[in-house]
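The values are calculated or read from the model by the stated rules, or taken from the named source; none is laboratory data. Note that this is a predicted model, so its numbers are computed, not measured. Because the Cβ atoms are built from the backbone with ideal geometry, glycine has one as well, and the counts that use them run over all protein chains shown. Heads up: the accessible areas ignore ligands, DNA and RNA and are worked out on the full protein's heavy atoms, side chains in. Shrake-Rupley method; radii C 1.70, N 1.55, O 1.52, S 1.80 Å.
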Amino acid sequence: MTWLKDHRSRWITGVVGLIIVTTVVGYASKPFFFLFIVLINCLVLNEFYGLGSGSVRSRIVGIAFGLLLTAGV
């Protein structure tokens, strides 16, 4: 029972996230879907560049290039 108590917030976040992603992918318009992908990309890149010990400038440059790549696709 301890395992469930320790992972309860992760399960709740996963279920809510799955509902949001399924709704956006299935029912959103193309511009809203693109904005959703850009938002997710920003969050993921911020987390990725936060793992390293780089400067804030390198983080901003990395996120900017990631967004350019997303916009290009």
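General remarks:
- Using the Karplus relation 6.51 cos²θ - 1.76 cosθ + 1.60 with θ = phi - 60°, the per-residue 3J(HN,Hα) values for the range 55-66 come to 7, 5, 4, 5, 5, 5, 5, x, 5, 5, 5, x Hz, with x marking Gly and Pro.
- Global form of the range 9-49, assessed from the alpha-carbon gyration tensor, a/c cut-off 1.5: oblate
- Chain lengthening between R8 and F34 when straightened (0.36 nm per residue, less Cα-Cα): 6.3 nm
- Residue-normalised accessible area of the chain, expressed per residue, 1.4 Å probe, Å²: 86 Å²
- Label sites at I20 and L69, each approximated as a point 7 angstrom past Cα along Cα to Cβ, lie 2.3 nm apart.
- Just the protein heavy atoms count here, and of the accessible area of the chain at 1.4 Å, carbon and sulfur take up 73 percent.
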